[in-house]
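Below you'll find the structure, written out as structure tokens, and then a few comments.
The values are calculated or read from the model by the stated rules, or taken from the named source; none is laboratory data. Worth saying up front: this structure is predicted, and the values here are computed from it rather than measured. Positions of Cβ are backbone-derived with ideal geometry, glycine not excepted, and every protein chain shown enters the neighbour counts. Calculation scope for accessible area: heavy atoms of the full protein, side chains included, ligands and nucleic acids excluded. Shrake-Rupley method; radii C 1.70, N 1.55, O 1.52, S 1.80 Å.
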Amino acid sequence: MNSQDLASKIKGVRVASQLLATHDTSTPHAWTLDALAGRFVELFGGAATSALSIATSLVYQAQCSDQPCAWIANTHSIFYPPDFAASGIDLDALPVIRAPDPTRAARVSDMLLKSGGFALIVLDLGSHHQLPMACQTRLTGLAKHHHTAVICLTRVNKRSSLSSLVSMRAESQRSRHQFNQFDCALTVTKDKQSRPGWQHKEVHCGPDGLC
């Protein structure tokens, strides 16, 4: 198999294993990397959250267009690498940084943003989602200045927002679609650039062996 055939096969596997996304095209904004560029976004959910899966789609978009992205997580949890690889994510091209607390995670985000070299930064805060206002102010300003999408993943309820600085806030949920497929949806509860209430849905396959 030559290099072109191999590249085509890899691309086909990515497309086959990747999500099928839909959104309301009547809204001026959508859950895409371009639409979220320059914004400080919070994606939250409870026990049945689909935040990881939906954030994965943004990483995939960034990598498909050769735009650098980074993932910052706490020391208590992290995504499962084989699942990301099965979704078409190039793990070798995804820097992952572990931070012991939200404040230091925000400082890492700050340094990455100041470099101006990233199109997307995912900040997985988990249930430890308190960020000092000074950190949020800097992240908001740097995201806008460098046209970078900063996505904060939190495990909280509808009322526990990071702060009023969040440009968009969306609740994520997951439900079974059919055998080994799940609807991963988000509902926007706050959007400073559009009306809240618009929705986005993706269909993801579950991990191998899940029935």
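Odds and ends about this structure:
- Filtered residues of region 111-133 (kept if open to solvent by less than 20 Å² (accessible area, probe 1.4 Å) and within 27 Å of residue 184 (Cα to Cα)): 119, 120, 121, 122, 123, 124, 125, 126, 131
- Odd one out for residue 146 among (1) free of Cβ contacts under 8 Å to residues at least 12 places away in the same chain; (2) of a type outside the set (S, T, N, Q); (3) under 23 Å from residue 192 (Cβ atoms); (4) surrounded by 15 or more Cβ atoms within 10 Å (Cβ to Cβ): (1)
- Test: residue in region 88-110 that is surrounded by 20 or more Cβ atoms within 10 Å (Cβ to Cβ), under 22 Å from residue 186 (Cα atoms) and in contact with a helix residue (DSSP H, G or I) (Cβ under 8 Å, 6 or more places away or on another chain): yes
- Count - residues of region 148-166 that are modelled with pLDDT of 90 or more and under 16 Å from the mean Cα position of the chain (by Cα): 7
- Within region 65-93, tally of residues that are over 23 Å from residue 110 (Cα atoms), modelled with pLDDT under 95 and either assigned to a strand (DSSP E or B) or not polar (S, T, N, Q) (or both): 9
- Any hit, region 8-31, residues being within 17 Å of residue 151 (Cα to Cα), of a type outside the set (A, V, I, L, M, F, W, C), outside any strand (DSSP E or B) and modelled with pLDDT of 90 or more: no
- Summed over region 115-128, residues that are in contact with a strand residue (DSSP E or B) (Cβ under 9 Å, 6 or more places away or on another chain) and without any contact (Cβ under 8 Å) to a residue 40 or more places away in the chain total 1.
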